[in-house]
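Undergrad: Structure incoming, see below.
Please treat every number below as a calculation from the coordinates, not as lab data. Keep in mind the model is a prediction, meaning the values are calculated, not measured. All Cβ positions, glycine included, derive from the backbone under ideal geometry; neighbour counts span all protein chains shown.
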Amino acid sequence: MGYVSAVPPPRSDASAEPEAPDSRSSRRSVAAALLLGALGATVVLLASGRVWARGTAAIGSDSLQLSADGRAVTGLPAALAIVGLAALVAVFAVRGKGRLLVSGLLALSGLGAALSALFGSDGRSVLDAQAARTTADSAAHVAGLTQTTWPYVTAAGAVLILAAGLLALRFGRGWPAMGGRYERDGRPRPRAVAAVDPDRPEDLWKALDRGEDPTTGPSGDRTR
């Protein structure tokens, strides 16, 4: 009669349970939202500081080159990008309906930044004001107004923020939240204290590693 072991054979990697599809999709959506939101906000903030419009102002027989960056033309895209970044972080700090509202704010921030970059990028009024100050003539106007591609780059970055918000609206319900070890009322969950056998040296060492006094029980009484 052959030898029969009561210990089950070790499980191979092939027999391990596969990861749940919902868990994988949740992690992918979290990573995508973080990447899109952070990248989009960075693009908006950087592109808003670039020159959006150029023109010339006549000073006698000469002309002066004028330019205006995006934040001088409209500060709304940069401000909404900062709001979007704050909302992206806040998504993981709230739950339930609060997460839905913050996700909506994230999406609206991206949408508003894109629209303001596209429809508020003319820059004529800003350059007209520069021409009036430069020539000391309140009736002066900018001539040869041209626009750069930076407003469209800003709008593209804002679309990434919008995409992050849409991902949060669609998949945010299953995303993890910060401070998961706390209960809903804000109190920390009670930590289970492992029983220490004073006759087992390994238990004493483990208790010391955890910062516990191995000579006292869970209730604070001495074990001996």
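Undergrad: Residue-wise, which Karplus ³J(HN,Hα) couplings in Hz belong to the stretch 77-83, taking 6.51 cos²θ - 1.76 cosθ + 1.60, θ = phi - 60°, and x for glycine or proline?
TA: Couplings: x, 5, 5, 5, 5, 5, 4 Hz.
Undergrad: Also, quick follow-up: Per 0.36 nm of contour for each residue apart, how much would the distance between V89 and R28 grow if the chain were fully extended, relative to their Cα-Cα spacing? Walk me through the numbers on the way to the answer.
TA: Working: separation 61, 0.36 × 61 = 21.96 nm, distance 1.68 nm.
Extra length available between V89 and R28 comes to 20.3 nm.
Undergrad: Please compute the length gained on full extension between L35 and L145, using 0.36 nm multiplied by the number of residues separating them and subtracting their Cα-Cα distance.
TA: Values: separation 110, 0.36 × 110 = 39.60 nm, distance 3.61 nm.
Residue separation times 0.36 nm, minus the Cα-Cα distance, leaves 36.0 nm.
Undergrad: Using modelled backbone amide H atoms (1.01 Å from N, in-plane), which distant-in-sequence or interchain residues come within less than 5 Å of L66's amide H?
TA: Those lying under 5 Å, H to H, from L66 are G55, T56, A57.
Undergrad: Among 48-55, 151-158, 28-35, 61-68, how do they line up from the highest to the lowest mean number of other beta-carbon atoms within 10 Å? Before the final figure, lay out the partial values.
TA: On the way: 48-55: 20.6, 151-158: 23.2, 28-35: 16.0, 61-68: 13.8.
The densest-packed peptide leads the list: 151-158, 48-55, 28-35, 61-68.
Undergrad: List, in order, the whole-Hz ³J(HN,Hα) value for each residue of the stretch 165-176 obtained from phi through the Karplus relation with A = 6.51, B = -1.76, C = 1.60 and θ = phi - 60°; use x for Gly and Pro.
TA: Taking θ as phi minus 60°, the curve returns x, 5, 5, 5, 5, 7, 10, x, 4, x, 6, x Hz for the stretch 165-176.
Undergrad: Still on this model: Suppose R0 equals 30 Å. What FRET efficiency, 1/(1 + (r/R0)^6) with r the Cβ-Cβ distance, do L64 and L118 give to the nearest 0.05? Can you show the working numbers first?
TA: Working: r = 29 Å, r/R0 = 0.95.
Between L64 and L118 the formula returns 0.60.
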